[in-house]
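A short reminder: the numbers here are calculations on the coordinates, not readings from a lab. These numbers come from a predicted model, not from an experiment. Cβ sites come from the backbone with ideal geometry, for glycine too, and all protein chains shown count toward neighbours.
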Amino acid sequence: MPTDRVLHLLGSGAEPVLGVRAAIVHARDLGWDVCLGLTPTAADWLRDDLDALAEATGHPVKSRFRRPGDPEPWPAADAVLVAPATFNTLNCWALGITDNWVVGHAAEAIGKGVPLVAVPRVNGALAAHPQYGRSLATLREAGVELLPNADGLPADGPAADGLAPPPSGAGAAGFPWAAALAAVERAGRRGGREIDR
């Protein structure tokens, strides 16, 4: 389906990234031209599928910074979805530590004013770390829409008593891709032009 709405879908190394193909198909059905970026861990996990994922999107899958002088192979984004977003990705992003391409791209998207949605996938032990809540607050302040943690935790981490609900255990199949893409649709409308499908 031809479209001029571009979604940069950025995935971290958490189990739901193994289901990213279904998210690409769903996003394309919604009228998005999808470009897929992966952290080094996620790219390694999907190494046998990278060519097929590039074919499904019509764009190269990116997981590394470009070399100086190399052209940018992707069109500019109308929206960015960071999903799944791991503890490491969220903290590095909030702190501006751009040690991998996905975090660097997400950080630049904040500076460019591109609508951003993220779906954390963080377990209860990591969500209890004091930096996690600070990182979420920083990202919200920067305009990132954070969906509830896809591991069964509230978006802000553990409950006030320090006890987190148990993980959902839903794995890749239970990840809320449809809710994430619905949030992208809303964010895209708030962030700029609404494109007819």
Output row, site Asp49, 7 Å Cα→C-beta label point, backbone N cut-off 17 Å, window region 9-37, residues 9-29, 34-37
Total charge of the residues flanking Ala179 in space, meaning their Cβ is under 12 Å from its Cβ, with Lys and Arg +1 and Asp and Glu -1, is -1
Per the C-alpha gyration tensor (a ≥ b ≥ c, the square roots of its eigenvalues), region 13-104 is rounded if a/c is under 1.5, else prolate if a/b beats b/c, else oblate; here it's rounded
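Which of the peptides 26-32, 117-123, 106-112 is most tightly packed, and how do the rest follow, judged by the mean count of other Cβ atoms within 10 Å per residue?
Numbers: 26-32: 18.6, 117-123: 25.1, 106-112: 16.4.
So the order, starting with the most tightly packed, is 117-123, 26-32, 106-112.
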